[in-house]
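The numbers here are math on the coordinates, done by the rules we state, and not lab data. Quick caveat: nothing in here was measured; it's all calculated off a predicted structure. When we count neighbours, we look across all protein chains shown, and the Cβ atoms used for this are built from the backbone with ideal geometry, even at glycine.
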Amino acid sequence: MDKLFELGMAGIASSATIFIFLIFLFVVKEALPVFLGHVDTSKGGEILSPDQLERMNPGDVKEYLELTNEQYRRLDQDALRLMMEVKYQAAQDMATDPQAGLNTASWEHMIFPYQWTGYEQPGYIWQPVSSVPKFNLIPLLIGSLKTTLVALLFATPLALGAAVFVSQLCPSRFREWIKPSIELLAGIPSVVLGFFALMVLAGFLDRVFGVQTQLNASVAGIALGLAVIPIIFSISEDALSSVPRHYSESALALGSSPWFAAWKVVIPAAFPGIVAAIVLGFGRAIGETMIVLMASGNASIVSWNLGDSTRTMTATIAAEMAETVFGDPHYRILFMLGVMLFVITFCSNWIAGVVIQRLKHKMEAAG
């Protein structure tokens, strides 16, 4: 019976690992053409007049309009003609635009600035729905980092202060009430926090600081910090509570105050766990979608000003995925943003693991 139970638990653990791997594999598969340079947005090829529809065989029509067999069967002759007219008119409108032949899904245009028609200087532009789609990733990367850093700067001091108080300074009769109350924040849906930021926090910060735009990186970051506080608090409090009591008792016996003992003895001993809490908070913040979608303003601006509207990678995926056509460049690049989020989270966790191991070795050597 015990053996059967062990096999069942091993199967559950293996299933979870396999599901995560399959999700990652699916996202990478959809984004792979972008990484390999097989996605082309240039408007080349012959443009046909709608009058030629009657003289084209079904295979040529499907290829020209980029239709699947199922899509072609659902469309009648009038719908096909309308699609050809739209494509023909779009080609006429872009005939005088020299940038219509650019492959804007290349890494050159997705990373570096470019002098686009109508702009006074080279810029980083994310504008996927236009006559010449623009897919520069820098505004989205900066927006994600801005909101995440604001969230950590807001949440970390509050969460660590609460963790130190609850684990070291709070009377036991109050600890039973304070700890669950703080952890209860984790149960608040992110859409509720986003609505709070949209309706209350944005107006409050505007009245206090007079920001240029009500929905900006600061509003989104602070609301994001409310979602991060329970994670940092819970893990930090566990790390602080795991420090042997004789550490602080020895410091108190030597005449230290409870606060001094916590600051100079307990916190350094629990520092690897505190770093792990902050890293997990970073992963939670950079992967959040609904809060930043509702409270950031969703303007893809390259600016480190926290009072400007911003746009994150997660909000971009959530807002634009429903507008894309399966397999087109916009669709592929949104999946590439998902891969970038995977990579950023993996790298941050790996770096944190290395730092934590070094801190542990240093502390063991010092002890």
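When both segment 101-133 and segment 202-240 are represented by their alpha-carbon centers, they are found 33 Å apart.
Here the Karplus curve 6.51 cos²θ - 1.76 cosθ + 1.60, taken at θ = phi - 60°, turns the phi angles of segment 71-79 into couplings of 5, 5, 5, 7, 9, 8, 5, 5, 5 Hz, with x standing for Gly and Pro. Panel order for Arg284, Arg311, by other beta carbons found within 10 Å of each beta carbon, from fewest to most: Arg284, Arg311.
Here the relative contact order of the chain, from alpha carbon pairs under 8 Å that lie six or more residues apart, stands at 20 percent.
Is the shape of segment 139-366 rounded, prolate or oblate, going by the alpha carbon gyration tensor and its root eigenvalues a ≥ b ≥ c, with a/c under 1.5 for rounded and a/b larger than b/c for prolate? Prolate. Averaging the sequence gap over all C-alpha pairs within less than 8 Å and six or more residues apart, then dividing by the number of residues, gives segment 236-275 a relative contact order of 58 percent. For segment 109-115, backbone phi angles converted through the Karplus equation (6.51, -1.76, 1.60; θ = phi - 60°) give residue-by-residue couplings of 7, 8, 10, 9, x, 9, 7 Hz, Gly and Pro being listed as x. Relative protection proxy for 151-160, 29-38, from highest mean packing down: 151-160, 29-38 (other beta-carbon atoms within 10 angstrom).
Each helix, a run of at least 4 DSSP H residues, gives -39500 (n - 2.57); summed and divided by the residues of the chain, these come to -20500 deg cm²/dmol at 222 nm.
Each part reduced to its alpha carbon centroid, segment 1-65 and segment 314-367 end up 21 Å apart. Computed from backbone phi, the HN-Hα couplings of segment 152-167 come to 5, 5, 7, 7, 4, x, 5, 5, 5, x, 5, 5, 5, 5, 5, 7 Hz, rounded to whole numbers (Karplus: 6.51 cos²θ - 1.76 cosθ + 1.60, θ = phi - 60°; Gly and Pro given as x).
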